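Read the structure below first, then the notes.
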Amino acid sequence: MLNDIQEILYSEETIAAMVKRVGREISRDYADKNLLLVSVLKGSVAFMADLMRAIDIPARIDFMSVSSYGSGTKTSGVVKIIKDLDINLKGYDIVIVEDILDSGKTLHYLVDLLKGREPNSVEICTLFDKPERREVDVHAKYIGCAIPDAFIVGYGLDYDEKYRNLPFVGVLKPEIYGA
Ligand code: PRP
Ligand code: MN
Ligand code: MG
């Protein structure tokens, strides 16, 4: 698995520092609110697990599983809901937790869907943001960091369902995805 990685972009330590900072920001902004963290599986699994423990105010959690990339490196644009939330959103201040904001299609779809369920508020928290790739208008209130346009894997991010369990984030060797 390590052999497939061309370069490590974000080490475990770098990611941990970004997660702590974002956790502090959310803790500060939601102290007087009714925070519900909504993790978008599968990519956000590692970020969610670490972020919720970097938040020191009361928070509830729920999970939703969606997919739009399938096994390719480009979004299909069709967001498929594999598992929906359990919690009724009325009265909650939602923070959607994502690993990466790329074309924006996934989050654009999700924000609309969740707003339709009449929560108090909906914001986005993403570990990585690729603003140059945006195809629809979506903005995250909380961002770990902005990144250049390279196909990255690790810390939840996959290529064809692989590499999610890497503790760091790196760039795949182009020959792996046939470039
Ligand atoms: C990836 C990623 C985001 C989304 C971002 O999920 O985890 O959810 O794509 O891309 P977008 O901004 O272009 O919509 P994917 O569909 O690969 O499912 P996964 O989280 O299970 O890997
Ligand atoms: Mn995802
Ligand atoms: Mg994926």
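The values are calculated or read from the model by the stated rules, or taken from the named source; none is laboratory data. These numbers were taken from a predicted model, which means no experiment stands behind them. A quick note on method: Cβ atoms are made from the backbone with ideal geometry, for glycine too, and the neighbour counts reach across all protein chains shown.
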Condition met for Y69 (within 14 Å of ligand 2 (Cβ to nearest atom) and surrounded by 16 or more Cβ atoms within 10 Å (Cβ to Cβ)): yes
Qualifying residues in the range 106-140 (those that are of a type in the set (K, R) and within 16 Å of ligand 1 (Cβ to nearest atom)) - the one farthest from L35 (Cα to Cα): R133
Only residues that are assigned to a strand (DSSP E or B), more than 16 Å from ligand 3 (Cβ to nearest atom) and hydrophobic (A, V, I, L, M, F, W, C): list them for the range 63-95, please. I94, V95
Which residue pairs have Cβ atoms under 7 Å apart, sit 6 or more places apart or on different chains, and have a first residue in the range 25-46 that is free of Cβ contacts under 8 Å to residues at least 60 places away in the same chain and a second that is within 16 Å of ligand 3 (Cβ to nearest atom) and among the polar types (S, T, N, Q)? L41/S65
Pairs, please: C-beta under 7 Å, at least 6 apart or cross-chain, first residue assigned to a loop (DSSP other than H, G, I, E, B) and in the range 161-173, second basic (K, R) and within 15 Å of ligand 3 (Cβ to nearest atom)? R164/K42
Going by the conditions given, is T126 closer than 17 Å to R164 by Cα and more than 16 Å from the chain's Cα centre (by Cα)? no
Can you tell me which of (1) touching a residue at least 60 places away in the same chain (Cβ under 8 Å); (2) within 20 Å of N165 (Cβ to Cβ) is the one I82 doesn't meet? (1)
Among (1) away from ligand 2 (no atom under 11 Å from the Cβ); (2) assigned to a loop (DSSP other than H, G, I, E, B); (3) modelled with pLDDT of 95 or more; (4) not β-branched (V, I, T) - the single one G43 does not satisfy: (1)
When the range 95-130 is examined, which residues are found to be under 21 Å from Y30 (Cα atoms), touching a Lys or Arg at 6+ places or on another chain (Cβ under 9 Å) and not charged (D, E, K, R)? V95, P119, N120, S121, V122, I124, C125
Has the range 82-94 got at least one residue that is touching a Phe, Trp or Tyr at 6+ places or on another chain (Cβ under 7 Å), among the hydrophobic types (A, V, I, L, M, F, W, C) and within 15 Å of ligand 2 (Cβ to nearest atom)? no
Here is a check on your reading of the model: is K74 under 14 Å from the mean Cα position of the chain (by Cα) and more than 18 Å from V45 (Cβ to Cβ)? no
In the range 47-62, which residues are without any contact (Cβ under 8 Å) to a residue 24 or more places away in the chain and part of a loop (DSSP other than H, G, I, E, B)? P58
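Within the range 96-116, which residues are in contact with a strand residue (DSSP E or B) (Cβ under 9 Å, 6 or more places away or on another chain) and either among the β-branched types (V, I, T) or assigned to a loop (DSSP other than H, G, I, E, B) (or both)? Break it down into steps so the answer makes sense when it comes.
As a first pass, look at the range 96-116 and keep what is in contact with a strand residue (DSSP E or B) (Cβ under 9 Å, 6 or more places away or on another chain): 96-102, 106-107, 109-111, 113-115.
Passing the criteria: I96, V97, I100, D102, T106, V111.
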In the range 140-177, what count of residues is obtained for those that are within 14 Å of D50 (Cβ to Cβ) and at pLDDT below 95? 0
